[in-house]
Protein chains: 2
Amino acid sequence: MTVGIDDIRAAALRISPYVHRTPVLSSTLINLQAGCEIVFKCENLQKAGAFKARGAHNAVVQLNEAQRHAGVATHSSGNHAGALALAASHFHMPAYIVMPENSSATKVAAVRAYGGEITFCEPTQAARESALDKLVARTGAAFIPPYDHPDIIAGQGTAVLELTEQLPQAPDFLLTPVGGGGLLAGSAIACKSVWPQTLVIGAEPVDADDAQRSFRTGQWHPQCTSVTVADGLRTALGILNFSILRRQVDDILIASDEAILAAMRLVWTHMKLVVETSAAVGLAVVMSHPEYFANQRVVIVLSGGNVDIDRLPW
Amino acid sequence: MTVGIDDIRAAALRISPYVHRTPVLSSTLINLQAGCEIVFKCENLQKAGAFKARGAHNAVVQLNEAQRHAGVATHSSGNHAGALALAASHFHMPAYIVMPENSSATKVAAVRAYGGEITFCEPTQAARESALDKLVARTGAAFIPPYDHPDIIAGQGTAVLELTEQLPQAPDFLLTPVGGGGLLAGSAIACKSVWPQTLVIGAEPVDADDAQRSFRTGQWHPQCTSVTVADGLRTALGILNFSILRRQVDDILIASDEAILAAMRLVWTHMKLVVETSAAVGLAVVMSHPEYFANQRVVIVLSGGNVDIDRLPW
């Protein structure tokens, strides 16, 4: 089961009526502080506030009539939940979302706004999977996984495919956050196909560095628990994504929670963009490795902007 | 002294190397709540975080060699200060900025980041003007006014000129905030020239409604003091701008501070954009007059995003 550039091109065509073409933006003051020339691909401005809308739509659009009638289901405490509810709403199909009972109020509200039907469960992986199994058995809904699936990877890859049309020339580096790995895998495939010389780097929190450990040892080391502030990246790296990363990614670099929060503040202050902690990890990695990126042309994917504005992390 | 579409076209050409072409964005969830179809023109993503960069560059680029040597000066507690310092920095000329001693730390930091030289004064109009007069006498710097001048109005008008190239068809309504009136005047001239059927509406806080009173009575009523949360709009309407508004603007509508803060939260939450209070007045007016805008196609200019993220107004 592999994913190629043709799958990403097909996904881009398929999802184009449903997702935004997101802008690329830059800031002179951030460039001065970072010592390199950065372009941000703004997936925080994507539908439902994150790149996740791309993969979710790519999966949902391909369902047949009978599947659409039964609807879709997933478990997620985060952006995949809202993205799937939105994608289902375009086809008037039910979206059954299992969410841990400690999910953020903002993300629960987003799922409801798009018409998703929420089942709350205890905040453990076992409870989530068990609740999902029951839901699927009862409803016949199709399970749409959050990251470790070819349709999802191809959908997430469309952000960087779009980027290759937006920039006049290849950058030296492309950075995306890595949690489950769907965005990084899809981005790497798209990037290496169009810009083979560009180095593709995964950006990960120090406290959730399973992708770096897996990448550097060649052995899949999914983490069990993590308390990084970058809540979207606490997920373990997917096994399919790991196999793609090994072939297509050049390195994985980490940044501390402190660096992530500082980078998040820089983006809010100078870019005037609301980004969530997980989206700031790319810039945090660049600011934490100045020698690595000095004077280089760097693209950073800002992955999402779903933040509770009454509970900011600073 | 008038301003026409040719002046705005000339300004657009003149400033294009120095300013961003800002994106237009929309949100399904905001449209659902507002009951109309809104496109936002994102000048919060402009250089130095506000549309003010357009007018300041249009004035500065036209200075001759001797004037550039002497530099530029203004008094401002807000976005014009940062915009002018940025514009001056492109030509390595000094920018002397008089700021009231109670100016926000964020705005002071922005002026310094762009190399502006700040003179603090007491927070009164008289103290500002007197400090500026002394500065100009000492340095020979050219005074670049914040809003009531043809070059500034033509520069601010370039945002809507750009918008007319970005949208496939004319909207029913165009709304911009109105403080000193430079943005509204320039926007109205650009809009009526390209889209004569579009109604142009100024959006103003209830507590700083001098533009509405002036517009409706036909008599210039500059306000003396205002405590609206929309600090960028406390300024009195300029007399040149008033004469343009009378001819080119269709109406001026007001919104309460409560509605402004609610609209600001909507933009942060659903658009993932950092906007300042003054930038939210357009949406606040739309949400406060649902019968007026029902099912219409509406463009709202988001004027700026310079907010102290440690001191949010909610």
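Ranking of B:LEU312, B:LEU161 by solvent-accessible surface, largest first: B:LEU312, B:LEU161 (1.4 Å probe, protein heavy atoms only, all chains present).
Inter-copy label distances for B:GLN62: 5.8 nm (label point placed 7 Å from Cα along Cα→Cβ; shortest first).
If you take the charge dipole of region B:178-314 about its Cα centre, with +1 on Lys and Arg Cβ and -1 on Asp and Glu Cβ, which of B:PRO196, B:ILE309, B:VAL275 is farthest toward its positive end? The residue sitting farthest along the positive end of the dipole is B:PRO196. Under 5 Å from the amide H of A:LEU199 lie the amide H atoms of A:PHE173, A:LEU174, each residue being 5 or more positions distant or on a separate chain, with H modelled from the backbone and absent for Pro and chain starts. Along the charge dipole of chain A, Cβ charges K/R +1 and D/E -1, which of A:PRO17, A:PHE143, A:ALA236 sits furthest on the positive end? It is A:PRO17, whose Cα lies furthest towards the positive end. Take the Cα of A:GLN223, go 7 Å toward its beta carbon, and the backbone nitrogen atoms of region A:258-279 under 15 Å from that spot belong to A:258-261, A:277-279.
Each pair of Cα atoms in region A:102-184 enters the Kirkwood radius, and Stokes-Einstein at 25 °C and 0.890 mPa s then converts it into a translational diffusion coefficient of 154 µm²/s. Nearest 10 degrees, 0 to 90: what angle lies between the long axis of helix A:239-248 and the longest principal axis of chain A (Cα atoms)? It works out to around 30 degrees. Heavy-atom surface analysis with a 1.4 Å probe gives region B:195-295 a carbon and sulfur content of 53 percent of its accessible area. Rounded to the nearest whole Hz, the Karplus-based 3J(HN,Hα) values (6.51 cos²θ - 1.76 cosθ + 1.60, θ = phi - 60°) of region A:284-291 follow the sequence 4, 5, 4, 5, 8, 10, x, 5, with x at glycine and proline. Estimated at 0.36 nm per residue, the fully extended path between A:ASP133 and A:PHE91 surpasses their Cα-Cα distance by 12.8 nm. Of all chain B C-beta atoms, the nearest to the rotation axis linking B with A is recorded, alongside its rounded Å distance, as B:PRO23, 2. Kirkwood radius and radius of gyration were both taken over the C-alpha atoms of region B:179-314, and their ratio Rg/Rh is 0.95. Charges were assigned to the Cβ only: +1 to each Lys and Arg, -1 to each Asp and Glu. The resulting dipole of chain B about its Cα centre is roughly 580 debye. In this Cβ point-charge picture (+1 for Lys and Arg, -1 for Asp and Glu), region B:53-143 has a dipole of about 160 debye about its Cα centre. Please identify, among A:ARG54, A:ARG213, A:ARG138, the residue showing maximal mean-square fluctuation in a Gaussian network model of chain A using a 10 angstrom Cα cutoff. In the Gaussian network model the winner is A:ARG138. In this Cβ point-charge picture (+1 for Lys and Arg, -1 for Asp and Glu), the protein assembly as shown has a dipole of about 740 debye about its Cα centre. Among A:CYS224, A:CYS121, A:CYS42, the residue with the largest mean-square fluctuation in a Gaussian network model of chain A, with springs joining Cα atoms closer than 10 Å, is A:CYS224. Shown for B:PRO123: label points 7 Å from Cα along the beta-carbon vector, and their distances to the equivalent points in the other copies, 4.1 nm in ascending order. Amide H contacts under 5 Å for B:SER303: B:ALA279, restricted to partners 5 or more places along the chain or on a different chain, H placed in the peptide plane at 1.01 Å from N.
Based on Cα atoms of chain A, Rg over Rh with Rh as the Kirkwood radius reads 0.95.
Pairs of alpha carbons in region A:53-143 separated by more than 16 Å make up 47% of all such pairs.
For the protein assembly as shown, report the translational diffusion coefficient in µm²/s to the nearest whole number, using Stokes-Einstein at 37 °C, 0.692 mPa s, and a Kirkwood Rh over Cα pairs. Mind showing how you got there, number by number?
Values: Rh = 25.4 Å.
Rounded to a whole number, D works out at 129 µm²/s.
Sorted from shortest to longest, the distances between the A:ARG216 label points of this copy and the other copies are 6.8 nm, with each point 7 Å from Cα along the line through the beta carbon.
Comparing mean-square fluctuations of A:ILE244, A:ILE260, A:ILE97 from a GNM of chain A with C-alpha springs under 10 Å, the top value falls on A:ILE244. Distances between placed amide hydrogens fall under 5 Å for B:ALA73 paired with B:TYR96, B:ALA142, B:PHE143, B:ILE144, all partners being 5 or more residues away or on another chain.
The values are calculated or read from the model by the stated rules, or taken from the named source; none is laboratory data. Bear in mind the structure is a predicted one, so any value in this text is a computation, not a measurement. Positions of Cβ are generated from backbone atoms using ideal geometry, with glycine treated the same way; all protein chains shown enter the neighbour counts. These area figures cover heavy atoms from the full protein model, side chains too; ligands, DNA and RNA do not enter into them. Shrake-Rupley method; radii C 1.70, N 1.55, O 1.52, S 1.80 Å.
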